[in-house]
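Laboratory data are not the source of any read-out in this text; all were calculated from the coordinates shown. Just so it is clear, the structure is predicted and the values come from calculations on it, not from any experiment. Quick reminder, even Gly has a Cβ in these numbers, built from the backbone with ideal geometry, and neighbours come from all protein chains shown.
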Amino acid sequence: MQGSVAFSIIFTLGFALIPGLQGLFHMEDLEGKEWAWVMGFAIVPFFVDECVKTVYRAIGYGLRPKPRELIEQFEKAANEIAKSGEEHA
């Protein structure tokens, strides 16, 4: 994930700052105030994602059971099915 973010940042800045690419993509130089807006809005998804992760961790969303717990659940279900099969036979 970090590699894709770095890749995206490098190419975005490259398109915005390299004169040959600016002309190719019909872009102009940004002033300091404009860069501040860009950076301000770029950080919003980061904070939203961190808030979502905090809520998910607090409510236990997405937690996976440990392998031993899965085996115990499977054995319990298999025993129940076997018992119900014996009762109907």
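Per residue, how big is the convex hull of the chain when only Cα atoms are used? Give it in Å³.
182
Give the shape of the range 45-89 as rounded, prolate or oblate, defined through the alpha-carbon gyration tensor: a ≥ b ≥ c are the square roots of its eigenvalues, a/c under 1.5 means rounded, and otherwise the shape is prolate if a/b is larger than b/c and oblate if not.
Judged from the Cα gyration tensor, the range 45-89 comes out prolate (a/c at least 1.5, a/b above b/c).
Quick one: longest stretch of the chain between exposed loop chymotrypsin sites (Phe, Trp or Tyr not before Pro), exposed meaning at most 10 other C-beta atoms within 10 Å and loop per DSSP?
Between exposed loop sites, the widest span is 26-60.
What lysines sit close enough to LYS76 to cross-link, taking a C-alpha to C-alpha distance under 28 Å and skipping anything fewer than 8 places away on the same chain?
Excluding near neighbours in sequence, the set is LYS66.
When only DSSP loop residues count, what GluC sites (Glu not before Pro) in the range 4-89 have their Cβ near at most 10 other Cβ atoms within 10 Å?
Hits after loop and neighbour filter: GLU28, GLU31.
Compute the length gained on full extension between SER4 and LYS83: take 0.36 nm times their separation in residues and subtract their Cα-Cα distance, giving the result in nm to one decimal. Please list the in-between numbers first.
On the way: separation 79, 0.36 × 79 = 28.44 nm, distance 5.25 nm.
In short, 23.2 nm is gained.
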